[in-house]
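Colleague: Can you read through this structure? Questions will come right after.
The values are calculated or read from the model by the stated rules, or taken from the named source; none is laboratory data. Small disclaimer: the values here were computed from a predicted structure and weren't measured. We place every Cβ from the backbone using ideal geometry, glycine too, and count neighbours over all the protein chains shown. Each accessible area value is taken on the protein alone, full model and side chains, heavy atoms only, with ligands, DNA and RNA left out. Shrake-Rupley method; radii C 1.70, N 1.55, O 1.52, S 1.80 Å.
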Amino acid sequence: MAEAHQAVGFRPSLTSDAGEVELGAPVLQEIYLSGLRSWKRHLSRFWNDFLTGVFPASPLSWLFLFSAIQLASFLQLDPSLGLMEKIKESLPDWGGQHHRLRGVLAAAMFASCLWGALIFTLHVALRLLLSYHGWLLEPHGGMSSPTKTWLALVRIFSGRHPMLFSYQRSLPRQPVPSVQDTVRKYLESVRPVLSDEDFDWTAGLAQEFLKLQASLLQWYLQLKSWWASNYVSDWWEEFVYLRSRNSLMVNSNYYMMDFLYVTPTPVQAARAGNAVHALLLYRHRLDRQEILPTLLMGMRPLCSAQYEKIFNTTRIPGVHRDHIRHLRDSRHVAVFHRGRFFRVGTHSQSRLLSPRALEQQFQRILDDSSPACPHEEHLAALTAAPRDTWAQVRRSLKTQAQEALEAVEGAAFFVSLDSEPAGLTREDPAASLDAYAHALLAGRGHDRWFDKSFSLVVFSNGKLGLSVEHSWADCPISGHMWEFTLATECFQLGYSADGHCKGHPDPSLPQPQRLHWDLPDKDAQCLALFRLAVDKHQALLKAAMSGQGVDRHLFALYIVSQFLHLQSPFLDQVHSEQWQLATSQIPVQQIHLFDVHNYPDYVSSGGGFGPADDHGYGVSYMFMGDDVITFHISSKKSSTRTDSRRLGQRIQDALLDVATLFPEGQHLKRRGLGEEDSG
């Protein structure tokens, strides 16, 4: 899905220049840090399992074992073969009246040791069993005796009711394939799409790689596989996703659709209420590990680690890399509607709000007619910007609107109540599905918070959809959640005859909290940047007027180098550059000949010229008086990359935007542009 786009576009950013660097120390450091992160996750999961029920045994099983040992002692039997007596002798002597207490403590210590040994034995046995891959080679519909035996043992060692994370510590490590096999399979995969000449060239490179670099690189991967639980997953997340500087929109998000032919209710607030309630029910089951582990082909359990970050998760932008922020809990969702942000609580007195109460809260937002504050409507577009840009802007936003930003980033997930309908229509099924998909993937660019783990999109006609950020998990994880959500909100929660959520509203609930963004005046900033650009332009203009321009000097240096037969890569690069935008001004030199104030129609529109590049523009402009600017824009019709009319519209829009920054520019109007297309 979206990861394919990221992987294809991946470019390593290990060094800032093109030169060779010594990577030995950085690689060892990365491997060391990967191992630390892996062990930290193991310890965290072990502690969580201890609190919620350890697999393959639980605290209740320890109590059962201890009780059995006590019963055996009461019957004057010694299942420890003398070990408990030795433990009792090593304990301090507290006097005769505490003799029985020493026996109980000795039994408890022996039970703990035996319990831990059993856990370890079962853990190792299950890991060895799960390392078997022969079942993958079985023909469809058939199963050999070894595979039947293996499956029976797996079920025995797995226990009767495995929980979501029950298998995590028993899963075998990700094996490092043979580098020779990997290269061979790669060549087999590209053979059908390459010509004989290209394939021979690629095969030659592969053989050179196997001889020179493969063994060293493979050694590092094997070292990492011994130290960390997975030799590739953390690097995949780091370099393919978190270090990518591209926009998340389209590049790193994917979407999921609603029922294709059915919309359970046309009431937007009701659909949102049931869907949000169902999602939070899923989170409740997730927190209690009541979701069954995923079994590949119904036999082999898969890793469940990615389930941990479905909710309460945000991808925080950084200047060089992002990081995933995950909270243990969140009791609200962030809601966007008509350019405004709201905070909606999901619990009352530690209990999840009913679907009808949630519908009531969403309806209050839909009925709120207050306008969006300046710049608030398009604020979320920043999450669709390149990551470095968003990271820099977020720093100032965090200072000026910390509470509102925290309400969004700290939400369980993001909800967008769209003002337009969506979904399949009988009149034009293809176009309607295209529009539906586009709305979920990108929306209008400013009505999704793309940093959130997922955004629930509820359209005005009750249609649903998800926009999911990719870095925290793969599609099967969010797909599992979405299947549960659709089935629960439609078949279990259901709707009343009039389309509303079942139950009764709760008038005592407070109004949804409108988030207020103390945004800077992004007009004052534009004016400051515009003045900075003007000052820079004036400085370049004065330098050129005084003979200090760059193009003529570089041109003369290049000519001399050609006469002397001197090779200069720099001058060759400068000379070979294709200037896609060529601009020139026609100055009005005799302004006294024209009375533009009394005779405003008697103005010349100046002249123009053709583009300097086949895929470029030629732009000529002229100032006539204080409030008239004329442009001539030319481009070649043979180019599919240029459009003079579109560029002219953009220039006109930009000029009007800049003009509104000045009081004297408020009266400017569009007068149209002269646009040309050369043949």
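Colleague: For region 532-647, please list each of the strands (runs of 3 or more DSSP E) lying entirely inside it that holds at least 2 residues being touching a residue at least 40 places away in the same chain (Cβ under 8 Å) and surrounded by 15 or more Cβ atoms within 10 Å (Cβ to Cβ).
Modeller: 629-634
Colleague: When you scan region 121-139, how many residues do you find that are over 37 Å from the mean Cα position of the chain (by Cα) and loosely packed, with under 12 Cβ neighbours inside 10 Å?
Modeller: Adding up the residues that qualify gives 1.
Colleague: Determine whether P172 is open to solvent by less than 80 Å² (accessible area, probe 1.4 Å), touching a residue at least 40 places away in the same chain (Cβ under 8 Å) and under 30 Å from A214 (Cβ atoms). Before you say what the answer is, go through the steps one by one.
Modeller: Values: open to solvent by less than 80 Å² (accessible area, probe 1.4 Å): yes; touching a residue at least 40 places away in the same chain (Cβ under 8 Å): yes; under 30 Å from A214 (Cβ atoms): yes.
Yes: the conditions hold for P172.
Colleague: While we're here: For the list (1) assigned to a helix (DSSP H, G or I); (2) free of Cβ contacts under 8 Å to residues at least 12 places away in the same chain; (3) hydrophobic (A, V, I, L, M, F, W, C), I need the number of the one condition that L77 fails.
Modeller: Among (1) assigned to a helix (DSSP H, G or I); (2) free of Cβ contacts under 8 Å to residues at least 12 places away in the same chain; (3) hydrophobic (A, V, I, L, M, F, W, C), the lone unmet condition for L77 is (1).
Colleague: Something else now. Look at G116 and say whether it is under 30 Å from Y307 (Cβ atoms) and either in a loop (DSSP other than H, G, I, E, B) or of a type outside the set (A, V, I, L, M, F, W, C) (or both).
Modeller: So G116 passes the test.
Colleague: Take the residues in region 231-266 that are among the polar types (S, T, N, Q) and open to solvent by 40 Å² or more (accessible area, probe 1.4 Å), then tell me which one is nearest to F484 (Cα to Cα).
Modeller: T263
Colleague: Given the structure, is A411 open to solvent by less than 10 Å² (accessible area, probe 1.4 Å), within 28 Å of G318 (Cβ to Cβ) and part of a helix (DSSP H, G or I)?
Modeller: So A411 does not fit the description; no.
Colleague: Does L466 meet the test of being of a type outside the set (S, T, N, Q) and open to solvent by 20 Å² or more (accessible area, probe 1.4 Å)?
Modeller: So L466 fails the test.
Colleague: Within region 362-383, does at least one residue satisfy the condition of being among the hydroxyl-bearing types (S, T, Y), free of Cβ contacts under 8 Å to residues at least 60 places away in the same chain and open to solvent by 20 Å² or more (accessible area, probe 1.4 Å)?
Modeller: Yes, because at least one residue in region 362-383 is among the hydroxyl-bearing types (S, T, Y), free of Cβ contacts under 8 Å to residues at least 60 places away in the same chain and open to solvent by 20 Å² or more (accessible area, probe 1.4 Å).
Colleague: From the residues in region 202-220 that are closer than 22 Å to N230 by Cβ and free of Cβ contacts under 8 Å to residues at least 12 places away in the same chain, which one is least open to solvent (accessible area, probe 1.4 Å)?
Modeller: Taking the candidates together, the pick is L216.
Yes/no per residue for (1) modelled with pLDDT under 95; (2) over 19 Å from the mean Cα position of the chain (by Cα):
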| residue | (1), (2) |
| --- | --- |
| R243 | yes, no |
| Y254 | yes, no |
| V276 | no, yes |
| D287 | yes, yes |
| Y307 | yes, no |
| T313 | no, no |
| R321 | yes, no |
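Colleague: If V393 satisfies all but one of (1) within 20 Å of A381 (Cβ to Cβ); (2) open to solvent by 40 Å² or more (accessible area, probe 1.4 Å); (3) assigned to a loop (DSSP other than H, G, I, E, B), what's the number of the condition it fails?
Modeller: (3)
Colleague: For the condition closer than 30 Å to L295 by Cα and not polar (S, T, N, Q), what is the one hit in F413, F459, F450?
Modeller: The match here is F413.
Colleague: Return the pair list, or none, for Cβ contacts closer than 7 Å from residues in region 411-439 that are of a type in the set (D, E) to residues that are not in a helix (DSSP H, G or I), at least 6 apart or on different chains.
Modeller: Partner pairs satisfying both residue conditions: D418/D447; D418/V457; D418/V458; D418/F459; D418/S460; E420/F459; E420/S460.
Colleague: Of (1) outside any strand (DSSP E or B); (2) among the aliphatic types (A, V, I, L, M); (3) in contact with a helix residue (DSSP H, G or I) (Cβ under 8 Å, 6 or more places away or on another chain), M256 satisfies all except one. Which?
Modeller: (1)
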